[in-house]
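This report refers to the structure that appears directly beneath it.
The values are calculated or read from the model by the stated rules, or taken from the named source; none is laboratory data. Because the structure is predicted, anything quoted here is derived from the model rather than measured. When we count neighbours, we look across all protein chains shown, and the Cβ atoms used for this are built from the backbone with ideal geometry, even at glycine. Just so you know, the surface numbers come from the protein's heavy atoms only, side chains and all, with ligands and any DNA or RNA stripped out. Shrake-Rupley method; radii C 1.70, N 1.55, O 1.52, S 1.80 Å.
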Amino acid sequence: MTISASMVKELRERTGAGMMECKRALVESNGDMNSAIELLRKSGQAKADKKSGRVAADGRIVIATNSTKAAMVEVNSETDFVAKDDNFLAFSEAVANCVLGGDSVNVESLGSETLTDGLTVELARTELVTKVGENISVRRFCRINADQRLGTYAHGGRIGALVGLSGGDDELARDIAMHIAATNPMCIDEAEVPADILDRERRIFSEQAAESGKPPEIIEKMVKGRLQKFLNEITLVGQSFVKDLDITVGELLVRSNATVTQFERYEVGEGIEKKQENFAEEVMSQVNSKL
């Protein structure tokens, strides 16, 4: 069967695969468009599997909301260039909306959820890998349900924050979300700080203060003061508010008759060890190996 240019064009538009890949798939499937699409999808899965071991530490944070709920997702790519690609952005937005409307509890179950175009998240991901030529991964997601008020803030697609507020207004909710994005607090207040972290810091401060040679009662005050300073730095309510450093977030909330019930913050690639390339060393290594 003769494979026409229009058939190749149609297949390319439907799959996003390269022209020669589309032509080969049509030839192999004897011109059957659906079979050709299936062949390309299988090929895309094979390519995705080969790329799955490559570190994807770049990407984008995307937030989706409705009147009662917010969802946030991190989708990773290998490079910032792909993270700005329209296909990547469309996939990330689709996944965020899928998380918002779905009930998946982890990334594995999310992969079988269906997007608006009829593809599952996993199939859409493998097809995107074929299009952009990089490893793509949905790393994590979260949802917040707020009984009263939701606040969201995204900074350049690199950092995102969600906050649930009891009381206050929409402006306050957004301001608190922006503050969380900027300062990365560990938790809402002192009560949520893990005991092992408190014990570790108290031990370090005690050892440091003991070296001063001051009396025990003075050392105790020094440790207490340093521990309180540490708690203020890592808790949301203890931090100075980014838009007015003269007040703490806790004071702002009291003035507004509001409390923070929960929050989430994501930053692209945090915790992922990205390979550092040193091309000079790589070249010298290759040269030396041949001597």
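Quickly run through region 79-126 and pick out the residues that are closer than 17 Å to Ala64 by Cα, acidic (Asp, Glu) and touching a residue at least 12 places away in the same chain (Cβ under 8 Å).
Glu93, Glu113
Only one of these is modelled with pLDDT of 75 or more and open to solvent by 90 Å² or more (accessible area, probe 1.4 Å): Glu28, Glu10. Name it.
Result of the check over Glu28, Glu10: Glu28.
Name the single residue, out of those in region 121-150 being over 16 Å from the mean Cα position of the chain (by Cα) and among the hydroxyl-bearing types (Ser, Thr, Tyr), that is most open to solvent (accessible area, probe 1.4 Å).
Only one residue fits best here, namely Thr130.
Would you check which residues across region 34-71 are modelled with pLDDT of 85 or more and surrounded by 14 or more Cβ atoms within 10 Å (Cβ to Cβ) and list them?
Correct list: Asp58, Gly59, Arg60, Ile61, Val62, Ile63, Ala64, Thr65, Lys69, Ala70, Ala71.
Using the structure shown, decide if Val99 is over 19 Å from Glu127 (Cα atoms), among the aliphatic types (A, V, I, L, M) and open to solvent by 20 Å² or more (accessible area, probe 1.4 Å).
So Val99 fails the test.
Which count do you get for residues in region 98-116 that are among the β-branched types (Val, Ile, Thr) and part of a helix (DSSP H, G or I)?
The number of residues fulfilling the criteria is 2.
Please specify each residue of region 177-199 satisfying the condition of being without any contact (Cβ under 8 Å) to a residue 24 or more places away in the chain, open to solvent by 80 Å² or more (accessible area, probe 1.4 Å) and over 16 Å from Met222 (Cα atoms).
Of everything in region 177-199, those that are without any contact (Cβ under 8 Å) to a residue 24 or more places away in the chain, open to solvent by 80 Å² or more (accessible area, probe 1.4 Å) and over 16 Å from Met222 (Cα atoms) turn out to be Ala191, Asp196.
From the set of residues in region 72-86 that are open to solvent by 70 Å² or more (accessible area, probe 1.4 Å) and part of a helix (DSSP H, G or I), which is farthest from Arg158 (Cα to Cα)?
Within region 72-86, the match that is farthest from Arg158 (Cα to Cα) is Asp86.
Look at Asn288 and say whether it is in contact with a Gly (Cβ under 8 Å, 6 or more places away or on another chain), modelled with pLDDT under 95 and either under 30 Å from Lys84 (Cβ atoms) or open to solvent by 50 Å² or more (accessible area, probe 1.4 Å) (or both).
no
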